[in-house]
Structures are given as C-alpha cells and as structure tokens.
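First the structure, in the form of structure tokens, and then the observations on it.
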Amino acid sequence: MSKYVFPKKSLDAFSCPHCGAYAQQMWNPWTDSARLGPLSGDAAEISVSQCMYCSNIGIWINDRMCYPDTGCGLVPAAGMPGEVLSLYHEAAAVAGKSPRSAAALLRLAVQHLCRDLGAVGYTMDEDIQHLVIRGLPEKIERLFSKVKVTGNGAVFPGQIADDDRETVEILFSLVNLMVEYMIHGPGEVDRIYRQLR
Ligand SMILES: [Zn+2]
C-alpha cells in the first residue's frame, strides 16, 4: 500500500490530491498580505504548491488547501463499493471546512462497508468483530475505538459529534484499510493465483 501523508502547509512532500502519489512539492508564495474582503477579516497569505510527479497545483489560503477542494489527499482504495465511495468523496469534499461533518459521513461509510462485507450485528462493535474473524487485523480493530466507531464512547454512524481533523484523517485511513484488507487484497491474491494456473 502506498504511503499516505495528508497535505499540510509547508510540508516538503505529501500525498498529491490529483495523482495520489506521495510526491515532493514545490512551494511558491504568491502574496503574504492579500485582502480577501470582509468575510475573512485580516490579510491572508496565499501560496501555491506544485506536485513534482504530476505537475498539478494546489492553492492555499493561510494553512488551508482551497484547491483542489478534496479536503484531504487520500485517493480511495481500489475496489471500494459504490455507496461507500460516494460517502467517501462527500466526506473528502467537506473535510477541510467541517471535520465534524466529514467524521459523521465516514462513520456512516464504515457501517455501509460492514454491511457490504456481510456483517449484520446490532452494534458497530459486533460488525467490526465479524470482520476480525474474517481476517481484519486486531491492530486495526483497536483504532476503531480510538475514533469512536466502537467502544463505550461510540458515536452513532451519521451523527454529528465533536470531532477534529486528526480523527477525520484516521477515519479516512481506516475506510481505505478495510477495503485493502477485505476487498482489494483478497481479489489481488485470486487474480495472481489464476495467472499461475
Ligand atoms: Zn500529483
């Protein structure tokens, strides 16, 4: 699996939201005192990052990437089912502006993914447990309670809670890891096996 590093202001390299590659970024400050009008208050610093792999750019106002408006650099894992993918894209579109909305959408995506994978428990704890029995690593299982998908402090999928950007980043990674381990990985093994016969 490729290395995921979320785009952040002044990092020398991160996962490009255009091409998905973990790539060097060239930073060009455009202006450090642009006036954006009454809505944004004080003068802002505007800069441009350019991916050294695909040459496409990101436009930043202060420390927020405004273009492309994906909210994060995570390209969805191959094989993600349609409805989960649509929730994933919706979460990515709002993650920069509203981490709480993105987290709510991603917990819903985890629930949909569990159902797609045949888990039909009464709680998310039971659903994730079902996936562990089928091969999801226990280390990943433990991460779900840290981001309140499972455990005592669990938040109902789709419900708005007090989530920060770090939680959102972990949730994006968890959805991708679930797809990698439970869908894409086994599919690849089958494909290579067929080639060898
Ligand atoms: Zn790129």
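The values are calculated or read from the model by the stated rules, or taken from the named source; none is laboratory data. From a predicted model like this one, the values you see are computed outputs, not experimental measurements. Methodologically, a virtual Cβ is constructed for each residue, glycine included, from the backbone with ideal geometry; neighbour enumeration extends over all protein chains shown. The protein model used for the area step is the full one, side chains on, heavy atoms only, and it has no ligands, DNA or RNA in it. Shrake-Rupley method; radii C 1.70, N 1.55, O 1.52, S 1.80 Å.
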Computed ³J(HN,Hα) along the range 165-177: with the Karplus parameters 6.51/-1.76/1.60, θ = phi - 60°, integer Hz and x for glycine or proline, the list is 4, 5, 4, 5, 4, 5, 5, 4, 4, 5, 4, 5, 5
If the cut-off is a Cα-Cα distance under 15 Å, which aspartates and glutamates reach LYS97, setting aside same-chain residues fewer than 8 apart in sequence? ASP63, ASP69, ASP162, ASP163, ASP164, GLU166, GLU169
Just reorder ILE46, ILE160, ILE170 by solvent-accessible area, largest first, 1.4 Å probe, all chains present. ILE160, ILE170, ILE46
Phi to ³J(HN,Hα) by Karplus 6.51 cos²θ - 1.76 cosθ + 1.60 over the range 122-134, Hz, x for Gly, Pro: 7, 10, 5, 4, 5, 5, 5, 4, 4, 5, 5, 4, 8
With every protein chain present, what is the per residue accessible area of the range 13-67 (1.4 Å probe, Å²)? 61 Å²
Percent accessible area from carbon and sulfur atoms, the range 60-172, protein chains only, probe 1.4 Å: 53 percent
Quick one: Cα centre-to-centre distance for the range 15-36 and the range 88-140, in angstrom? 30 Å
At 25 °C and 0.890 mPa s, grab the translational diffusion coefficient of the range 13-67 from Stokes-Einstein with a Kirkwood Rh over Cα pairs, rounded to a whole number in µm² per second. 208 µm²/s
Taking the Cβ of GLY79 as the centre, find all other residues whose Cβ is under 15 Å away and add up their charges (Lys, Arg: +1; Asp, Glu: -1). -4
